[in-house]
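Heads up, the thing below is written out as C-alpha cells.
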Amino acid sequence: MENRGKILIIDDNEDVLFALNLLLEPYVEKVKVTTQPARIEFFMSTFQPDVILLDMNFRRDAISGQEGFDCLEQILKLDPQAIVLFMTAYADTDKAVRAIKAGAIDFIPKPWEKEKLLATLSSAIKLRDSRKEIKQLKEQVIAFCTKNPAPMLPFMEQLTPYGQYWFVTITPYGRDIEPNVPDTGTVMDHFKI
C-alpha cells in the first residue's frame, strides 16, 4: 500500500483509535482520530479526509448501530462523495447490507484482520481518487463545452468511460444555437454511446 491518503477515524474507544493510528501511520499520508462524533463537521472542513473509518456505536452497551448511521447521514450531507468504511464489534449481515445501502463503501468487523483492513483501505483510497478525477473531468467538460465542445472531440478517447456525463452536457446544444457545435449524432457516434 502506498503512503497516501488522509484518514479520519471516529470511534469512542481510545484503545481502538490508538491501535488503528499505530497500524495505519506507516501506510497513509496522515491520520486524524476523534472519540467525538460531534466533531465530524470540523474534521470534514479542516482535514478533508479521503477515507473515514466510522464506528457504529458510541454509547456504552449500544449495539444497534443507529449512531453510526446518523453520523453517516451527516457525513454524506457534508460531502456526498465521501468514502466511509463502517466498523463494529457487533457485525451481522443485516447491518452490513443496511450500511452499504445507506452509502458506506464497506463494513469492517472488529477485531479486524490487518491485511484485509489495509487492502480495504487501499481500495477505498483508489475509489476516492477516481471520484476526484471524475469530478475534475466533469468540471473541465462543463467549462469547455458550455462555449464550444468541438475542440474537445479529439480528446474523447480518454473520456469514453464517462460518456454519459457528456451526453447530459452536450444535448442542450443544437445547430440553431451555435453553428460550430457538432450535432448530437456526431457526438454520439464519436463516444460510441
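The values are calculated or read from the model by the stated rules, or taken from the named source; none is laboratory data. Just so it is clear, the structure is predicted and the values come from calculations on it, not from any experiment. Quick reminder, even Gly has a Cβ in these numbers, built from the backbone with ideal geometry, and neighbours come from all protein chains shown. Only protein heavy atoms, including side chains, enter the accessible area calculation; ligands, DNA and RNA are left aside. Shrake-Rupley method; radii C 1.70, N 1.55, O 1.52, S 1.80 Å.
Taking +1 at the Cβ of each Lys and Arg and -1 at the Cβ of each Asp and Glu, which of I52, L78, W112 sits farthest along the dipole of the range 1-146 towards its positive end, judged by Cα position relative to the Cα centre?
L78
Compute the FRET efficiency between N13 and R131 as 1/(1 + (r/R0)^6), taking r as their Cβ-Cβ distance and R0 = 22 Å, and round to the nearest 0.05.
So the FRET efficiency works out to roughly 0.15.
Between R39 and D79, with labels modelled 7 Å along Cα→Cβ, what's the label distance in nm to one decimal, could you check?
With each label point 7 Å from Cα toward Cβ, the separation is 1.6 nm.
Can you give me the distance in nm between label points at S64 and D92, each placed 7 Å from the Cα along the Cα-to-Cβ direction?
The two pseudo-label positions are separated by 1.4 nm.
What is the distance, in nm, between label points placed 7 Å from the Cα along the Cα-to-Cβ direction at A102 and at S123?
Taking the simple label geometry, A102 and S123 are separated by 2.0 nm.
What does the C-alpha gyration tensor say about the overall shape of the range 79-123? Classify as rounded when a/c is under 1.5, otherwise prolate if a/b is larger than b/c, or oblate.
Oblate is the answer for the range 79-123, as a/c is 1.5 or above yet b/c matches or exceeds a/b.
Which peptide among 94-101, 44-51 comes first, and what is the full order, when sorted by highest mean count of other Cβ atoms within 10 Å?
Descending packing order for the listed peptides: 44-51, 94-101.
With θ set to phi - 60°, apply the Karplus curve 6.51 cos²θ - 1.76 cosθ + 1.60 along the range 15-24 and write out the HN-Hα couplings as whole Hz, x wherever there is a Gly or Pro.
5, 5, 4, 4, 5, 5, 4, 5, 5, 7
I'd like the accessible area for T93, computed on protein heavy atoms only with a 1.4 Å probe and all protein chains in place. Round to 10 Å², please.
Near enough 100 Å² of accessible area.
Specify whether the C-alpha gyration tensor of the range 29-100 places it in the rounded, prolate or oblate class, a ≥ b ≥ c being the square roots of the eigenvalues: rounded for a/c under 1.5, otherwise prolate if a/b is larger than b/c and oblate if not.
Since a/c reaches 1.5 and a/b is larger than b/c, the shape of the range 29-100 is classed as prolate.
Counting only the heavy atoms of the protein chains, how much of L54 is accessible to a 1.4 Å probe, in Å² to the nearest 10?
Its accessible surface works out to 0 Å², give or take rounding.
For the range 16-118, report the accessible area per residue in Å² (1.4 Å probe, heavy atoms, rounded to an integer).
Result: 55 Å² per residue.
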